[in-house]
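Engineer: Input: one structure, supplied below.
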Amino acid sequence: MNPLGVVCIVACLAAVVLASPSEYKRGSYSNSLKPSQWLKPTELEQTPSLDEISFEQLENMPLEMGAKMMRKWYHLSQAGHGIAPVYVPSPSQIPVHIYNNGRKETTDLNRFVQTAKKMPTFGDEKVTIFITGLPQTLDSVKNANKKLIESFLERDEQEAQSLSRNGGDERRNWENQKQWTGRSLVVIDLGNTITDVERFASLDVERCGKMLGMSLVQLTKECDVPAKLMHVIGQGVGANVAGEAGKTFKDNTSQKLRRITALDPAVQMAKERHALNALARGDADFVDAIHTSALGLGTTRRVGDLDFFPNGPSEGMRGARNVVEASMLATEYFAESVRPGNEHNFPAVEANCMKQYKKHEGYGKRTYMGIAAAHDVSGDYMLEVNEQSPYGKRTPARKQKMSHSGRQENSYDY
């Protein structure tokens, strides 16, 4: 972050802190910060600028300390609008990995569609697109991403084996129609370009989203992949970008993506004034989110039809050592749900808070966090998870104020 930006932020926030309550209400900062979020001048002096802290330092910083620093940066950015959305990686800088029918191809966003078009079975089945949000140089990011990719490949392999075991008329009928080609998994490694906290904070979500959205439009037109087969999974700030990609796709095709899943959607520091350019309901036919670092790298803002808060909104989940690891737990939870047989590991109930959930006073239908989330319900959902893998408690349904629904036909199963 340039020194002038830091000075502007500090000056703006200092003006807020020093203003009288009546001036605060009358001025342009009436909705910028709550009094509990004001910082003393000494705290301002002790708060490092964005370019002074690396992700590696955040990964080695205690969870509470890292979360507090992220919230300070966020509130400073919103009070002074000192962080502009200026960082947009070039498409040629964004690696893309395509997994299809036992084959892997690595390319970049510029050549993504052309590469996919050369793969004979690409798009014959469902297409899952995973947009990463942090670099894999961080151990917790690398491990979480690996688990998610392996889970989808394992699911694909089991489905292929299941079909090959089917005998009699059912198998012959299938073989007469087509050969099993498997799902296509596309990893758009946006996180590879977000190498430091300054890039994370200043990412132009709108422009990045439009760039990725146009790639999906091109994918539909040139590879004949219908919108109803596309599931976009966004990780961290990649979830914010996924929302913009969904809007762009709809604007250019008059269709919505089938599903967008947000894995700990990120707190968004850089945006134009009065702009609403993050993920929201309506960006796809179905939008779900898992919040595991809502008061750290993530956000408490409801972004989807279904927003899951494991153990309630917090700086990070129990067992997480730092804010990066806490954010990546959303990816690990989803990966666990993708593994065959684990689809219903995370039963959740609509509730306003964990206290209400624990007193069994939740309401509405029950659903499952992860791959089998039902698309006929909406709201904020609470659940408890284990500190270590396996994370899902697989607890039986408890009697709530209204009847629950665990019907398989209401799930987005793969």
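Engineer: Rg to Rh ratio, the stretch 302-371, alpha-carbon atoms and Kirkwood radius?
Structural biologist: That ratio is 0.97, to two decimals.
Engineer: Let me ask you something else. Which order do peptides 280-289, 249-258, 326-335 fall in by mean Cβ count within 10 Å, highest first? Please report the intermediate quantities before stating the final value.
Structural biologist: Working: 280-289: 22.5, 249-258: 17.8, 326-335: 27.6.
My ranking of the peptides, most packed first, is 326-335, 280-289, 249-258.
Engineer: Continuing with the same structure: Taking H placed 1.01 Å from N in the peptide plane, check which residues at least 5 places from Leu134 or on another chain put their amide H under 5 Å from its amide H.
Structural biologist: Gly191
Engineer: Still on this structure, please answer the following. Just to confirm a number: summing +1 for Lys and Arg and -1 for Asp and Glu over residues other than Ser202 whose beta-carbon lies under 11 angstrom from that of Ser202, what do you get? Display every interim value, and only then the final one.
Structural biologist: Values: positive: Arg199, Lys271; negative: Asp51, Asp196, Glu198, Asp204.
In short, -2.
Engineer: Further question: Taking each pair of different alpha-carbon atoms in the stretch 185-260 once, compute 1/r for the pair, average those values, and report the inverse of that mean as the Kirkwood hydrodynamic radius in Å to one decimal. Write down the numbers at each step before the final one.
Structural biologist: Values: mean 1/r = 0.0791 Å⁻¹.
It works out to 12.6 Å.
Engineer: For Asn352 and Lys146, FRET efficiency with R0 = 35 Å and r from the beta-carbon atoms, rounded to 0.05? Mind dumping the intermediate values first?
Structural biologist: Values: r = 36 Å, r/R0 = 1.02.
Taking R0 as 35 Å, the efficiency between Lys146 and Asn352 is 0.45.
Engineer: Go through the stretch 69-78 residue by residue and turn each phi into a ³J(HN,Hα) via Karplus (6.51, -1.76, 1.60, θ = phi - 60°); whole Hz please, and just put x for glycine and proline.
Structural biologist: For the stretch 69-78, the Karplus-derived couplings read 5, 4, 5, 4, 4, 4, 5, 4, 5, 6 Hz, x marking Gly and Pro.
Values in this text are rule-based calculations from the coordinates and carry no lab data. Remember, predicted model here, so these are calculated numbers, not experimental data. So basically every Cβ, Gly included, is an ideal-geometry build from the backbone, and we count neighbours across all protein chains shown.
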